[in-house]
2 protein chains.
Amino acid sequence: MIASLVGDPARANMLTALMNGRALTASELAQEAGITPQTASSHLSKLEAGGLVEPEKQGRHRYYRLTDDDVAGVLEGLAGLAARTGHMRVRTGPKDPALRRARICYDHLAGDLGVQMLDTMRTRNLVRQKKQDIELTTEGERFLAKHLQISPDMLTHPRRPVCKACLDWSERRHHLAGTLGAAMMQRFAELKWAARDATPGSRVVNFTRTGEKQFAALFGGEKD
Amino acid sequence: MIASLVGDPARANMLTALMNGRALTASELAQEAGITPQTASSHLSKLEAGGLVEPEKQGRHRYYRLTDDDVAGVLEGLAGLAARTGHMRVRTGPKDPALRRARICYDHLAGDLGVQMLDTMRTRNLVRQKKQDIELTTEGERFLAKHLQISPDMLTHPRRPVCKACLDWSERRHHLAGTLGAAMMQRFAELKWAARDATPGSRVVNFTRTGEKQFAALFGGEKD
DNA sequence: TTCATGCTTCGATGGTAGCCGAAGCATTGC
DNA sequence: GCAATGCTTCGGCTACCATCGAAGCATGAA
C-alpha cells in the first residue's frame, strides 16, 4: 500500500524535504529525517519500490527526487487534509518562500498566487464554486477570451473536468485545477509572465516583473 | 499523520468500501475489512478523529461515510499512484437485486424505489429536508390528498414524527420514514400497487404492473 | 596499491499497534 | 419487565517494522 509508505514519520519527513522538487542525497535525507544512514537507506529502497522517488547515481552519491508531479500532487493533497484537521506533523508547509508564493501542482498554479487567483475569480463571478465543484460562468468565459485568449472549446477533455478545486498544500485553501487551471498556467508561460524555475525538477514558478504586474491587474486583491 | 491512517490494510479496505459515496454500518465495514467488530470500532474511531469519515447514528446502527469530496479526491490520487505501480485492490458488487429495488424497512418503503420517491418529493417541493429532519410542505399536503387520499390528521402520533429521513440499506441514501412513510406504503398495498413477497420472512416488496406504472407517474424520474 | 567516503546489507533489539475474547452500554423488539 | 442486536471499552497477546551497530561493496583520491 502506497499510503503506508507515506505514513511512516521518517519517510514523511524525507518526502516533505523533497517537495520543493530538488534532488537530495541519501545522507542529506537521513539528516533531514533525523535517522542514521542505514535506516534511511532501508526507507529509500522502499520508497523507490513504491514508485514515489527515483534515484540518480552521481559519483559516490545517490540523489533522490520525487518521481513526478503526480506524486507531489498527492502529497500536497494529504498535507491539505492533515492541515485542516490540525493533525499535521512537524512541518506546516514549504519553508522555501518562493515555493509558498507560486509553484506547479500537477500542471496548474498553486501557492499564494494560485489561491488568490481562484479567490478573485470567485468574488468577481467568473466561476461559481459549490464545494469541490467549480463551474465557469458566461462572464468568466468572456473574461478568459478577452484577457487570456482562452476559448471554452480549448478546454474540453474526455475524462478531465474543466474546473476543479484542488486543496493547496501551503495555503490550506483551494486553488484552481482542471483543464482550465492547466490552460491558464500554460498561457502565463506563453505570455512570458511566469516560468518554471530552471533548476531541474524544481516546482517553483518565477513571475517576471511585468508578469507579476499583469497578473495583479487581473487577479490582484484590493491590497498591495 | 493522515497517511498512516490510510496506510493500514484494514482501514484502507474500509475506506475503499466507502469510496462509492454511500454510508456503511460499522459491522459491514468490519466484514469488508475481514476483521472483528471490536477491531473495526477501534479503526473507525481513529478514522473519525483524523477527519476522514463521519458517523451518523440511526437506531442501533452507526453509519459511516467519507467526510467530503476532498477526502475522496485524495484517496483517488493514492489509488492512482498505487495503480501505476501495480498495487491494485478489488471492488465488491451488489447482492439480491429484488431486495435492492424495493423492500420493507420497518413499515415503510426502502430500496431503489424508496430513495427515488423521496428524491422526487424533494425536487418537487412536496417536502423540505434539512439533514435528518423532513417537513411536509402545503404543496405536499395537497399532493397527498389528491393522489393518495392521505390527509394530515391521519398522520399524527404521540411518539412518532410524521416525516423522518431513514438511511437506506442498499442505496446508502435517505428514504422516507415516519408515519407518512408508513401511511404511503400502506396505501400502495391497499391500492394493490405493491405487496410484500409471500416468502415467509422476506422483506422484498413486489410491485404489480399497473402499480409500477402509477408509482412512476407520481414519483418517476425523467428516465424510464 | 591503500585509504577515505558514501551507501547498502545483515542481524538483533525493542516499541508500537493491530488483533481478538470478554464484558459493558445503548437501542430495539417482545 | 427481559432478551437480542449492534457497537464500544478493556486487557492481554502477538507480529511487525523501524532502528541501530557492525560489516560489506562500491567509487574516487592519494
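The values are calculated or read from the model by the stated rules, or taken from the named source; none is laboratory data. Remember, it's a predicted structure, so these values are computed and weren't measured experimentally. Cβ sites come from the backbone with ideal geometry, for glycine too, and all protein chains shown count toward neighbours. Note: accessible area is taken over every heavy atom of the protein model, side chains too, but ligands, DNA and RNA are not part of it. Shrake-Rupley method; radii C 1.70, N 1.55, O 1.52, S 1.80 Å.
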* Asked: Once both axes come from the Cα atoms, what is the angle between helix A:178-190 and the longest principal axis of chain A, in degrees from 0 to 90, rounded to 10?
  -> 90
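About the Cα centre of segment A:2-67, what is the dipole size in debye to 20, counting +1 per Lys and Arg Cβ and -1 per Asp and Glu Cβ, all else neutral? Intermediate values should be presented prior to the final figure.
On the way: 7 positive and 6 negative charges, 28 e Å.
In total the dipole reaches around 140 debye.
Report the B-A buried area as the accessible area lost on both sides summed, probe 1.4 Å, in Å² to the nearest 100.
2200
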* Copies compared at residue B:48 - label distances in nm, ascending, label defined 7 Å from Cα in the Cβ direction -> 4.4
* Structure fact -> Averaged over residues of A:46-52, the number of beta carbons from other chains lying within 10 Å of each residue's Cβ is 2
* Gaussian network model of chain A, Cα within-10 Å springs - most flexible of A:25, A:85, A:179 -> A:85
* Asked: How many Cβ atoms of partner chains, on average, are near each residue of A:69-78 if near means within 10 Å of its Cβ?
  -> 4
* To do: Over segment A:97-219, give the accessible area per residue in Å² for a 1.4 Å probe, as an integer.
  => 51
* To do: For segment B:2-84, report the accessible area per residue in Å² (1.4 Å probe, heavy atoms, rounded to an integer).
  => 43
* Note the distances from residue B:129 to each other copy's matching label point, with points 7 Å along the Cα-to-beta-carbon direction, in nm, sorted shortest first. => 2.7
* Residue pairs, from the table B:164/B:192; A:192/A:213; B:57/B:130; B:146/B:213, whose Cα atoms sit over 19 Å apart -> B:164/B:192
* Could you give me the ³J(HN,Hα) list for segment B:42-56, computed from phi with Karplus coefficients 6.51, -1.76, 1.60 and θ = phi - 60°, whole Hz, x at Gly and Pro? -> 4, 4, 5, 5, 5, 4, 5, 4, x, x, 8, 10, 10, x, 9
* Picking from A:20, A:206, A:125, which is most flexible by a Gaussian network model of chain A using Cα springs under 10 Å? -> A:125
* Structure fact -> Those residues in segment B:3-24 that give up at least 30 Å² of accessible surface, probe 1.4 Å, once the partner protein chains are present instead of the chain by itself are B:3, B:7
* Label spacing, shortest first and in nm, from residue A:195 to its equivalents in the remaining copies (7 angstrom along Cα→Cβ) -> 8.0
* **Largest to smallest accessible area among A:166, A:105 [probe 1.4 Å]** => A:166, A:105
* Could you check how much of the accessible area of segment A:97-219 is carbon and sulfur, as a whole percent, using a 1.4 Å probe? => 52
